[in-house]
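Please treat every number below as a calculation from the coordinates, not as lab data. From a predicted model like this one, the values you see are computed outputs, not experimental measurements. Please note: Cβ atoms are built from the backbone with ideal geometry, for glycine as well, and neighbour counts cover all protein chains shown.
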Amino acid sequence: MPGAAAVIVVVGPPGARPEVVAEALEAAVDAGPLLAGPEHAARVGELAAERPDARFVLVRRDLEACLREGVAPDAWHEAAAALLAALEALAPERWCVVGRERLLADPRAELRRLCGFLGLTYDQAMLAPVERARRAEAAGGPARAAEQVAARLDDLLAADGEEAPPPPPVDGPLAFRSSFTTTVPAILRRLGASLLISTYQAGRLVCARALDDQRLNTHFRAFDKPMGIAVAPGRFALGTRTEVWDFRDAPDVAPRLEPPGTHDACYLPRNRHVTGDIAVHEMAFAEGRLWVVATGFSCLATLDVDHSFVPRWRPPFVSAIAPGDRCHLNGLAVRDGRVATVTTLGTADEPGGWRARRADGGVVVDVASGEIVAGGLSMPHSPRWHDGRLYVLESGRGELSVVDEATGRLTTVAALPGFTRGLAFAGPLAFVGLSQIRERSTFGDLPLTRRLDERASGVWVVDLRTGAVAGFVRFEDAVQEVFDVALLPGARHPEIAEPGSSAVATSFVLPAPA
C-alpha cells in the first residue's frame with residue numbers, strides 16, 4: 001500500500017542483529033506498510049502480548065509527502081492517529097518513532113539514535129539497506145522500489161544462504177563523486193602515472209588522472225563485476241564476471257581525442273577471453289603470460305584459445321580442481337618474474353569451507369614448496385613482493401603488513417580506516433584500496449568492525465618509511481568497495497576506450513609495412 005501514513009516494524013527483542021533491523025527498515029521505506037491504518041492498530045497490542053521482549057518502531061511518513069502521492073489528508077490523519085494511539089498504550093521504553101524522510105536524508109544520525117533505543121552497537125553496515133532504498137526511490141519512485149525489494153528477496157532465496165548480488169549501480173555524477181587530498185595528484189604527476197581502481201560492487205573501472213598538481217579527475221568505465229587488474233608495458237588486463245579483457249595502448253590514437261592535447265595514451269580493447277564465471281580475482285603477468293586466480297576452482301590458471309582456463313597450480317590442502325570455492329584463493333604475488341606467493345582465506349577442502357574461519361583462518365602460501373608461510377590471518381589479500389620484502393593486506397584488520405618469511409610473523413606498517421584490498425607500489429609509497437564492507441554475512445565478525453564502526457572506500461597512499469598516510473582518494477555514495485589497485489606508468493592522462501565508442505570504431509592498428 002504505497003503512500004500509507006506510517007509503518008510499524010517489530011524489531012525486538014533488544015540486542016537483535018543490526019542487519020535485521022536495517023533490512024526491516026529498508027522494507028518499510030521501500031515497499032509500503034507491514035502494519036498500516038486503523039484496521040491493523042489492534043495487532044500492536046496482540047504482538048506486544050505475544051512477544052513481551054519485542055520493541056516497536058513507527059516509520060512515519062510526512063503529511064506533505066503523502067499528499068504528493070495522492071493520499072487524502074483525513075486518511076493520513078486517521079491512520080497515523082490510530083497507530084500512534086496503539087503504541088502509546090505500551091510502556092515508553094518499548095517503542096519509538098522514526099521519520100521516513102529524515103531517515104533517508106540523514107541515515108547515520110537516525111540509525112545511531114535508533115541503535116541507542118534498541119540497545120545495539122551502531123555499525124556502518126546498517127547504512128547499506130537504507131541507501132539502497134533511497135537510490136531505488138530516486139531511480140523510479142515507490143513502485144519501482146517495491147519491485148527491486150522483491151527482486152532482492154528472490155535473489156536471497158535462490159542463493160541458498162550465499163550473499164545476494166549487489167544492486168545495479170546508479171549512474172550520474174553524484175553517485176560517483178569523490179574527494180581527495182591535493183597530495184595525490186602531485187604524487188601521480190611526479191610518478192608520471194595514473195591509477196586504475198576496480199570496484200565490482202559499483203560495476204566500474206576507475207582511472208584516477210592528475211589534471212595538475214592540485215586537481216584529480218576520476219574517469220569511470222562500466223564493466224560487469226570488474227575484479228583483478230594486471231599491468232604490463234603498453235597493456236593491461238581486467239578480469240570480470242565471465243571474461244578477461246585485454247587492453248592495448250594505441251599511442252597514435254591519443255592525440256586525436258577530445259579535448260586536443262589532453263591525452264597521452266589510449267587503451268583500446270583488443271581481446272576478450274570468455275572464462276565463464278570462475279570468480280576471477282587477482283591477475284598478474286609472469287613467465288611470459290597472464291596468470292589468473294580462479295577462485296571458484298581454488299587454483300591458479302593461465303588462458304589459451306581452446307579452453308575456458310588452464311589450471312596450473314592448486315594449494316596442497318585442496319584435493320581437486322572443481323567448482324566450489326573451497327579455500328577462497330584470492331591473491332598472487334610475482335617475484336623475479338615468477339608467481340611466488342598466494343593468499344587464501346582458509347585451508348578447507350570442501351565447497352565454501354573457508355567461511356567457517358574467515359575471521360582468523362587465512363594463510364600465505366609459497367607456490368614453489370606449497371608450504372604455509374604465515375597463518376592465523378584475518379582475510380588476507382593482495383600479497384606483493386616489493387623491494388625484497390613480502391607485503392600483504394590483512395583485510396579483516398584493515399592493515400598493511402610485512403611478512404617475515406622465517407618466522408611467519410606480520411609487522412604492521414599501517415592500520416587504515418577500511419577493509420584493505422588492492423595494493424600497488426611506487427618506490428617508498430604504497431597505494432592501498434579500502435572498502436566500507438557494508439555487508440555483514442561475510443564481513444560482520446572481523447577485528448576491523450570492532451575497531452571502526454565507520455569505514456572508508458577509496459585508495460590511501462602510505463609512506464612505507466614511516467607508516468604515515470601521504471594522501472587519499474575517498475569515494476562517496478555508490479562506490480562502497482574497492483577490489484584491486486594498479487598503477488599505469490608512463491600514462492598521466494590515459495583514455496580507457498569502451499566498446500562501441502567512437503575511439504574504438506574509428507581506430508585501426510595495423511602492422512608496419514614489410
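For this structure, a couple of remarks:
- The distance between label points at Ala406 and Arg389 comes to 1.6 nm (points 7 Å beyond Cα on the Cα→Cβ vector).
- Stretchable slack from Ser319 to Gln214, in nm (0.36 nm times residue separation minus alpha-carbon distance): 32.5 nm
- Cα gyration tensor shape for segment 178-505, rounded if a/c is under 1.5, else prolate or oblate: oblate
- A cut-off of 5 Å between modelled amide H atoms, ignoring neighbours fewer than 5 places along the same chain, links Val97 with Leu58.
- For segment 209-269 and segment 352-390, distance of Cα centres in Å: 30
- For peptides 214-220, 475-481, 309-315, sequence by mean Cβ density within 10 Å, most packed first: 475-481, 309-315, 214-220
- Residue-wise HN-Hα couplings along segment 505-512, as the Karplus relation 6.51 cos²θ - 1.76 cosθ + 1.60 with θ = phi - 60° gives them from phi, are 5, 10, 10, 9, 10, 10, x, 5 Hz; Gly and Pro carry x.
- A simple spin-label model places pseudo-atoms 7 Å from Cα toward Cβ; at Asp360 and Ala81 they are separated by 5.9 nm.
- The modelled label-to-label distance between Thr182 and Glu101, using points 7 Å beyond Cα along the C-beta direction, is 4.0 nm.
- Per-residue ³J(HN,Hα) for segment 485-499, Karplus 6.51 cos²θ - 1.76 cosθ + 1.60, θ = phi - 60°, Hz, x for Gly and Pro: 9, 8, 8, 9, x, x, 10, 6, 9, x, 9, 9, 7, 8, x
- Nonlocal amide H pairs with Thr341, under 5 Å, H built at 1.01 Å: Ala333, Val367
- HN-Hα J in Hz across segment 92-103 - Karplus 6.51, -1.76, 1.60, θ = phi - 60°, x for Gly and Pro: x, 6, 9, 8, 8, 10, 10, x, 4, 5, 5, 4
- Full extension of the chain between His307 and Glu454 gives 48.5 nm of extra length, using 0.36 nm per residue less the Cα-Cα distance.
- When you count the other C-beta atoms within 10 angstrom of each residue and take the mean per peptide, 79-87, 366-374 line up highest first as 79-87, 366-374.
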